[in-house]
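Participant: Below is the structure I would like to discuss, written out as structure tokens.
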Amino acid sequence: MPTTASSAHVLSDVAASDSTLRRFLHGLPGVDAVGLEARAASLGTRSIKTTAKAYAIDLAISMVDLTTLEGADTPGKVRALGAKAVHPDPTDRTTPTTAAVCVYPDMVAVAKEAVAGSGVKVASVATAFPAGRAALDVKLADVREAVAAGADEIDMVIDRGAFLAGRYLKVYDEIVAVKEACGTSARLKVIFETGELSTYDNIRRASWLGMLAGADFIKTSTGKVAVNATPANTLLMLEAVRDFRAQTGVQVGVKPAGGIRTSKDAIKFLVLVNETAGADWLDNHWFRFGASSLLNDLLMQRQKLATGRYSGPDYVTVD
């Protein structure tokens, strides 16, 4: 629905104080957990034809944030990752590039050089990823270092402790400060770590909180905890961005991350996007997969559709 003056005014005032923000977030409709999970499961059973599957695989490849976030990351590993993002299948130059590579701040310059001129973005985690346990000035320095090195996107983590304690304005103000540190050159993805938020109601509240604070994307997870992206929590976040645009006219992206490993999984998520938020989100400017192993399975399935043969894992590089 179109934005109305009254709805825009109400949303502009919700962060005026801790009490108004709490009142707004706790006034959001409660989540029907059984209904949410049933709808996610139902959409996951949709079958698609071969021609649609080929399109979906290429679309999914173009939405991958190819990720390495390990303590053992080296410049050589990041260069190899960048090369793979630019040419996922060196034997078939019709294969789309991935959306981005995602690395730690100290590897941004290396990644930037590796993907130069390709259109592949460089995303950097920041704000004391993955725990987010640091003072605000340390977090902002983390962001500024990444942006100065050339990061096109910043993936920040919220302070889950503050959120779960009901200190919503602290979380809001931190996102606003990080958004400002991104400047005009870097888009901001806000990671909730949904596996630590305990309830679907909290995921809905976190989604609205992140969007109100200026997130360009809302992201499920760091990929560093036991429960990461699921169809149900991603569906809930897709509903949130759909409803937020209906009220404000502002479109926000969604990035499920962690645990999405197969082409079948990816296609299920694309169905969720199409059936919930709509075709406007079926683009890598608005939807991403945070993944490392997913790309290899997409490439193997792509080759199988093209040749009729399944090559197996030896066909692709191991990240």
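Participant: Return the residue satisfying two criteria in turn: it lies in the stretch 154-186 and is outside any helix (DSSP H, G or I) and in contact (Cβ under 8 Å) with a residue 60 or more places away in the chain, and of such residues it is nearest to Val108 (Cα to Cα). Walk me through how you get there before you give the answer.
Facilitator: Let us first name the residues in the stretch 154-186 that are outside any helix (DSSP H, G or I), namely 154-159, 165-167, 183-186.
Keeping just the survivors that are in contact (Cβ under 8 Å) with a residue 60 or more places away in the chain gives 155, 157, 166-167.
Working: Asp155: 13, Val157: 18, Gly166: 34, Arg167: 32 Å.
The residue in question is Asp155.
Participant: On the basis of being touching a residue at least 24 places away in the same chain (Cβ under 8 Å), touching a Ser or Thr at 6+ places or on another chain (Cβ under 8 Å) and hydrophobic (A, V, I, L, M, F, W, C), does Leu28 make the cut? Write out each step before concluding.
Facilitator: On the way: touching a residue at least 24 places away in the same chain (Cβ under 8 Å): yes; touching a Ser or Thr at 6+ places or on another chain (Cβ under 8 Å): no; hydrophobic (A, V, I, L, M, F, W, C): yes.
In short, no.
Participant: For the list (1) part of a loop (DSSP other than H, G, I, E, B); (2) free of Cβ contacts under 8 Å to residues at least 40 places away in the same chain; (3) touching a strand residue (DSSP E or B) at 6+ places or on another chain (Cβ under 9 Å), I need the number of the one condition that Pro130 fails.
Facilitator: Status for Pro130: all satisfied but (2).
Participant: Looking at the stretch 103-158, which of its residues are within 14 Å of Ala85 (Cα to Cα) and of a type outside the set (Gly, Ala, Ser)?
Facilitator: At the first step, the residues of the stretch 103-158 found to be within 14 Å of Ala85 (Cα to Cα) are 103, 110-123.
Across the stretch 103-158, the qualifying residues are Val103, Val110, Lys112, Glu113, Val115, Val120, Lys121, Val122.
Participant: Right, another one. With the requirement that a residue be under 18 Å from Lys219 (Cα atoms) and either in contact with a Lys or Arg (Cβ under 6 Å, 6 or more places away or on another chain) or not in a loop (DSSP other than H, G, I, E, B) (or both), what does the stretch 98-126 give you?
Facilitator: Filtering the stretch 98-126 down to residues under 18 Å from Lys219 (Cα atoms) leaves 98-104, 121-126.
Ala99, Ala100, Val101, Cys102, Val103, Lys121, Val122, Ala123, Ser124, Val125, listed by residue number.
Participant: Of the residues that make up the stretch 238-245, is at least one open to solvent by 10 Å² or more (accessible area, probe 1.4 Å), under 13 Å from the mean Cα position of the chain (by Cα) and touching a residue at least 40 places away in the same chain (Cβ under 8 Å)?
Facilitator: No.
Participant: For the subset of the stretch 103-124 comprising residues that are of a type in the set (Gly, Ala, Ser) and farther than 18 Å from Val178 by Cα, which member is surrounded by the fewest Cβ atoms within 10 Å (Cβ to Cβ)?
Facilitator: Looking only at the stretch 103-124, we keep the residues that are of a type in the set (Gly, Ala, Ser), and these are 109, 111, 114, 116-119, 123-124.
Now narrow it down to the ones that are farther than 18 Å from Val178 by Cα: 109, 111, 114, 116-119.
Working: Ala109: 18, Ala111: 31, Ala114: 23, Ala116: 12, Gly117: 6, Ser118: 14, Gly119: 9.
This residue is Gly117.
Participant: Among the candidates Thr45, Thr95, Thr91, single out the residue that is part of a loop (DSSP other than H, G, I, E, B) and modelled with pLDDT of 95 or more.
Facilitator: Details: Thr45 fails: modelled with pLDDT of 95 or more; Thr91 fails: modelled with pLDDT of 95 or more.
Exactly one of Thr45, Thr95, Thr91 is part of a loop (DSSP other than H, G, I, E, B) and modelled with pLDDT of 95 or more, namely Thr95.
Participant: If we scan the stretch 222-232, do we find a residue that is over 25 Å from Ala33 (Cβ atoms), open to solvent by 20 Å² or more (accessible area, probe 1.4 Å) and modelled with pLDDT of 95 or more? Spell out the reasoning first.
Facilitator: Of the stretch 222-232, the ones over 25 Å from Ala33 (Cβ atoms) are none.
Within the stretch 222-232, not a single residue is over 25 Å from Ala33 (Cβ atoms), open to solvent by 20 Å² or more (accessible area, probe 1.4 Å) and modelled with pLDDT of 95 or more.
Participant: Please go through the stretch 169-185 and pick out each residue that is open to solvent by 10 Å² or more (accessible area, probe 1.4 Å) and not polar (S, T, N, Q). Reasoning before the result, please.
Facilitator: Pass one, the stretch 169-185, residues open to solvent by 10 Å² or more (accessible area, probe 1.4 Å): 169-170, 172-174, 176-177, 179-181, 183-185.
Result: Leu169, Lys170, Tyr172, Asp173, Glu174, Val176, Ala177, Lys179, Glu180, Ala181, Gly183.
Participant: Another question about this same structure. Condition (residue is modelled with pLDDT of 95 or more, part of a loop (DSSP other than H, G, I, E, B), more than 20 Å from Lys112 (Cα to Cα) and in contact with a helix residue (DSSP H, G or I) (Cβ under 6 Å, 6 or more places away or on another chain)) applied to the stretch 20-29: is it met by at least one residue?
Facilitator: yes
Participant: So, one more: Working only within the stretch 80-91, note down all residues that are surrounded by fewer than 13 Cβ atoms within 10 Å (Cβ to Cβ) and not β-branched (Val, Ile, Thr).
Facilitator: Filtering the stretch 80-91 for residues surrounded by fewer than 13 Cβ atoms within 10 Å (Cβ to Cβ) gives 90-91.
Within the stretch 80-91, just Pro90 meets the criteria.
Participant: Take the conditions out of contact with any strand residue (DSSP E or B) (no Cβ under 9 Å at 6 or more places or on another chain) and over 24 Å from Val271 (Cα atoms) and apply them to Thr91. Does it pass? Reasoning before the result, please.
Facilitator: On the way: out of contact with any strand residue (DSSP E or B) (no Cβ under 9 Å at 6 or more places or on another chain): yes; over 24 Å from Val271 (Cα atoms): yes.
For Thr91, the condition - out of contact with any strand residue (DSSP E or B) (no Cβ under 9 Å at 6 or more places or on another chain) and over 24 Å from Val271 (Cα atoms) - is met.
Participant: Kindly indicate which of Ala116, Ala162, Ala146, Ala141 is out of contact with any Asp or Glu (no Cβ under 7 Å at 6 or more places or on another chain), at pLDDT 95 or above and farther than 30 Å from Arg205 by Cα.
Facilitator: Working: Ala162 fails: farther than 30 Å from Arg205 by Cα; Ala146 fails: farther than 30 Å from Arg205 by Cα; Ala141 fails: farther than 30 Å from Arg205 by Cα.
Exactly one of Ala116, Ala162, Ala146, Ala141 is out of contact with any Asp or Glu (no Cβ under 7 Å at 6 or more places or on another chain), at pLDDT 95 or above and farther than 30 Å from Arg205 by Cα, namely Ala116.
The values are calculated or read from the model by the stated rules, or taken from the named source; none is laboratory data. In this text the structure is predicted, and so the values were computed from the model without any measurement. Cβ: placed from backbone, ideal geometry, glycine included. Neighbour counts: every protein chain shown. Protein only, heavy atoms only, side chains kept; ligands, DNA and RNA dropped before computing areas. Shrake-Rupley method; radii C 1.70, N 1.55, O 1.52, S 1.80 Å.
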